[in-house]
Structure formats: structure tokens, C-alpha cells
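A.B. asks: Have a look at this one before I ask anything.
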Amino acid sequence: ARDLPAPEARAMGEAETARFRRDLLNGLGRSPKVASPKWFYDAEGSRLFEEITRLPEYYPTRQEAALLREIAPAWAARFGPGAALVEFGSGASEKTRIVLDAAPDLAAYVPIDISADALSAAARSIDKSYPGLKVAPLVGDFLHLAALPEGIGSGRRVGFFPGSTIGNLEPAEAVAFLTAARRQLGEGALFILGVDLVKDPETLVAAYDDAAGVTAAFNRNLLVRANRELKAGFDVDGFAHRAVWNPDASRMEMHLEATRDMEVRIDGRAIAFHKGETIHTESSRKFTEASVRELAAASGWTVAAFEAGPAPSVALVLLE
Ligand code: AVJ
């Protein structure tokens, strides 16, 4: 049975727009200019991301789903009776089903997502397929976690954070998030973490700069969204998509590069771009087993299992 999202969820629209405006203006006021990848995911951005996950070059989703299918039964056997699965940044929930299918004794599922629309669609579809499961969606930024909903039972809480979304966070943010999640999930918690692994730069760059241009559209959609929601004046075609491997920070970076000098007005403010200047829109950190173990240790978790799949490799990590 599904709890309807709280009525506040819809009213959050305006506050969310205000946060987007403040955050974007703040990021564009810096040097070098930055924007947070969390603003990619309006309806169109979420649709484009789903399209990315089916691209031949974008291996992480496919590789992770295959690996999860293999290991989910063994890991689910550790959940115990009446457990609750808490998914951070739930999105389209195809991977959720792999875990739910492997864990028939699960009592509750708590998807958390910043997009109220994506969240209620996903919650509805899970609710339909798993009638005995209590589905309790939570609208919000999983980085600034509200309390877990009531009535999700007293079993073990299992965090679920697949898709290498942890790679979007700065190292210190990732530690802060995993530390907060551990506190929030409480005594005896488990946490299933998906990470992408370091590999040859050609494979990595292709995954973020696909031949069909879907990732470029996904990146530029940030400007489209700003134009629509903030009445910003971006000339979207004046920005080129760039995907760059940064070996020192062990991360893929996406940038939007101004192809000429220009001035963009947002909210009465004029923001100058010179030709070649970029907005750094996303970092996707790539891990090694050692860097995952370091991250876990710094966050107070123990690595109970580390499973890497076949090339192009991603890994799933069970934390306790
Ligand atoms: C959903 C954040 C994991 O970083 O690979 C895909 C987003 N960006 N293509 C990633 C993304 C460009 C994706 N995450």
C-alpha cells in the first residue's frame, strides 16, 4: 500500500525554483563557473537520463543491473525479517525491482527523490507490482535528509544508493552523506552502494560524450530549464558539450563551453562569458577498491562485501 506524498510536496515547487535560482546564480558568480548536477533532473532531464542509460556507450547502468541480479539473492538473505529498503535518489527504479524480487520478506520501501513527479510515478509503479509492500515515498534532497517516515516497521534498514550517484559528490560530501545515512538508518543498518571503477579514458569519455548526442542534450538541458523556470537568457546553441577525464581527481567532468563571448541575463543580473569559458556542470568520480574502502572507513561503515563485475567494470559494495 502506498502513502500519498505529503501535500507540501507540490507546494515545494516555488521554494525549489527559488533554490535553483539562488544556487545557479551563486555557481555562475564563481570562477571557474559551476552548476550543481542535481538541477539536471526536471521532467525532460530525467527522460534524457533514462535515454542515456540505454546508450551503447553508457555501460554503468547495464553493468550494474547485471551484477546486482547476480549478487542480490545472497545480500538480501542478510536483511532479516521486516526490513525496510531506503533508496536515495530513486529515479526510475528498475534496479529497485531486482532487490525487491530478491527480498520477498521486505516490509517497506522508502524511495527518496528531489523530483516529486518522478517519485510519485516510481512509487505508484512499485506499489502496483508489490501489493504486500508498504511504499512510503519521501520528496526531498537526499543530501539533506529529513527523518524517515513513520510506520515502516522495526526491522533492519537497508540503504540503497546504486548508479554511482555517489560519484557526483565531492569526496568530503560523500563522507558526510554516508555518515549521515548511517546515523539515520540506525542500529544494524546495511547499505548497498554502487560505484563506477577507474578504467581507460577512452571508455570513460565515450560514456559521457555519446555519438547520438544524448548526453550533450542532457547537459544543455540545464540551460533550457534555467531559461524556462528562471526566465534566464541563455543562448543554448552558444554552449558546447564537453566531457573530460580528470586523472588527478579521478573523475569524469562535464562542462558547457561558451563558443563565443556573451552576456547572459538571469534575474536582472548580467553574467559575462568569454569564448572558451566553461560551466562545470557535473563530476562523476571513478573509484578503485582501495578508494571505496577509504570512503567507507571515513564514514564509519565496514565493507562486508565488494563485488566488481566484468569490463567495463562497475562495483557493488555491501556496507555494514
Ligand atoms: C546518475 C550521476 C550516476 O554520473 O554517470 C550520465 C549521470 N551524467 N551521463 C553519471 C550522468 C552524464 C550519472 N549519474
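The values are calculated or read from the model by the stated rules, or taken from the named source; none is laboratory data. Being a predicted model, the structure only gives us computed values, none of them experimental. Neighbour counts are summed over all protein chains in view; Cβ atoms, including those assigned to glycine, are modelled from backbone coordinates with ideal geometry.
A.B. asks: All but one of (1) in contact with an Asp or Glu (Cβ under 8 Å, 6 or more places away or on another chain); (2) more than 16 Å from the ligand (Cβ to nearest atom); (3) free of Cβ contacts under 8 Å to residues at least 60 places away in the same chain hold for Glu229, so report the exception by its number.
C.D. replies: The failed condition is (3).
A.B. asks: Ser154 fails exactly one of the following numbered conditions: (1) buried (at least 19 other Cβ atoms within 10 Å of the Cβ); (2) hydroxyl-bearing (Ser, Thr, Tyr); (3) farther than 25 Å from Ala65 by Cα. What is the number of that condition?
C.D. replies: (1)
A.B. asks: If you check Ala15, Ala66, Ala74, which single one turns out to be modelled with pLDDT under 90 and either more than 16 Å from the ligand (Cβ to nearest atom) or more than 30 Å from Gly132 (Cβ to Cβ) (or both)?
C.D. replies: Of the residues listed, the single one that is modelled with pLDDT under 90 and either more than 16 Å from the ligand (Cβ to nearest atom) or more than 30 Å from Gly132 (Cβ to Cβ) (or both) is Ala15.
A.B. asks: While we're here: State whether the residues of region 259-282 include one that is in a strand (DSSP E or B), in contact (Cβ under 8 Å) with a residue 60 or more places away in the chain, within 12 Å of the ligand (Cβ to nearest atom) and among the hydroxyl-bearing types (Ser, Thr, Tyr).
C.D. replies: yes
A.B. asks: Would you check if Asp105 is more than 16 Å from the ligand (Cβ to nearest atom), outside any loop (DSSP other than H, G, I, E, B) and among the acidic types (Asp, Glu)?
C.D. replies: Against the criterion (more than 16 Å from the ligand (Cβ to nearest atom), outside any loop (DSSP other than H, G, I, E, B) and among the acidic types (Asp, Glu)), Asp105 does not qualify.
A.B. asks: Moving on to the next point. Would you tally the residues in region 32-74 being within 23 Å of Lys199 (Cβ to Cβ) and under 13 Å from the mean Cα position of the chain (by Cα)?
C.D. replies: Counting residues in region 32-74 that are within 23 Å of Lys199 (Cβ to Cβ) and under 13 Å from the mean Cα position of the chain (by Cα) gives 5.
A.B. asks: So, Leu185, is that one within 14 Å of the ligand (Cβ to nearest atom), over 30 Å from Arg21 (Cβ atoms), among the aliphatic types (A, V, I, L, M) and out of contact with any helix residue (DSSP H, G or I) (no Cβ under 6 Å at 6 or more places or on another chain) or not?
C.D. replies: no
A.B. asks: Taking region 53-94 on its own, how many of its residues are in a loop (DSSP other than H, G, I, E, B), closer than 15 Å to Phe161 by Cα and of a type in the set (A, V, I, L, M)?
C.D. replies: Here the count works out to 1.
A.B. asks: Could you list, ordered by first residue, the pairs with Cβ atoms under 9 Å in which the first is in region 28-46 and within 14 Å of the ligand (Cβ to nearest atom) and the second is in a helix (DSSP H, G or I) and small (Gly, Ala, Ser), at least 6 apart or interchain?
C.D. replies: Partner pairs satisfying both residue conditions: Ala35/Gly27; Ala35/Ala226; Ser36/Gly27; Trp39/Gly45; Trp39/Ala226; Phe40/Ser46; Tyr41/Ala118; Ser46/Ala118.
A.B. asks: Scan region 292-300 and give yes if some residue there is modelled with pLDDT of 95 or more and not in a helix (DSSP H, G or I), otherwise no.
C.D. replies: Yes, region 292-300 contains at least one residue that is modelled with pLDDT of 95 or more and not in a helix (DSSP H, G or I).
A.B. asks: Also, I was wondering about something else. Under 22 Å from Trp301 (Cα atoms), at pLDDT below 95 and either small (Gly, Ala, Ser) or part of a helix (DSSP H, G or I) (or both): which single residue out of Ser125, Ser120, Ser154 fits that description?
C.D. replies: So the residue among Ser125, Ser120, Ser154 that is under 22 Å from Trp301 (Cα atoms), at pLDDT below 95 and either small (Gly, Ala, Ser) or part of a helix (DSSP H, G or I) (or both) is Ser154.
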